[in-house]
1. Filter the range 32-67 down to residues that are more than 18 Å from LYS19 (Cβ to Cβ) and either of a type in the set (Val, Ile, Thr) or part of a loop (DSSP other than H, G, I, E, B) (or both), then give me how many there are.
2. Within the range 18-45, track down each residue that is farther than 17 Å from HIS5 by Cα and either surrounded by 13 or more Cβ atoms within 10 Å (Cβ to Cβ) or in contact with a Ser or Thr (Cβ under 8 Å, 6 or more places away or on another chain) (or both).
3. What about LEU12, is it outside any helix (DSSP H, G or I) and at pLDDT 80 or above?
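The values are calculated or read from the model by the stated rules, or taken from the named source; none is laboratory data. The structure presented is a predicted model; accordingly, all values stated were derived computationally and were not measured. Every residue, glycine as well, gets a Cβ built from its backbone with ideal geometry; the counts of neighbours run over all protein chains shown.
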Amino acid sequence: MHPFHPLSGQRLRVLFERKLASGVAVSCEGGPLGSLMVPLAWTDRGPATAAAPLTYEVLTDLAGVISAIIPRHEG
């Protein structure tokens, strides 16, 4: 969880998962806080973080790849 969250670093019992418009969230037992919904991305069950930050150079390379692929599929 976010480092400033009162339950950061603690293991919580997952009660159920729910698909929301913003993505998947889990309902957890929060001890004295009661149950709470937490976005899956805030947990260790969420997707792994990127090895490197997204930079201008990475975006430029991606744009080049997309530009090279698109003409092949048009027409």
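1. 14
2. ARG18, VAL24
3. The answer is yes for LEU12.
The rows are residues; the columns are (1) under 20 Å from LEU12 (Cα atoms); (2) modelled with pLDDT under 90; (3) in contact with a Leu (Cβ under 8 Å, 6 or more places away or on another chain).
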residue: CYS28; (1), (2), (3): yes, no, yes
residue: PRO32; (1), (2), (3): yes, yes, no
residue: TRP42; (1), (2), (3): yes, yes, no
residue: PRO47; (1), (2), (3): yes, yes, no
residue: ALA50; (1), (2), (3): no, yes, no
residue: PRO53; (1), (2), (3): no, yes, no
residue: LEU59; (1), (2), (3): no, no, no
residue: ILE70; (1), (2), (3): no, yes, no
residue: GLU74; (1), (2), (3): no, yes, no
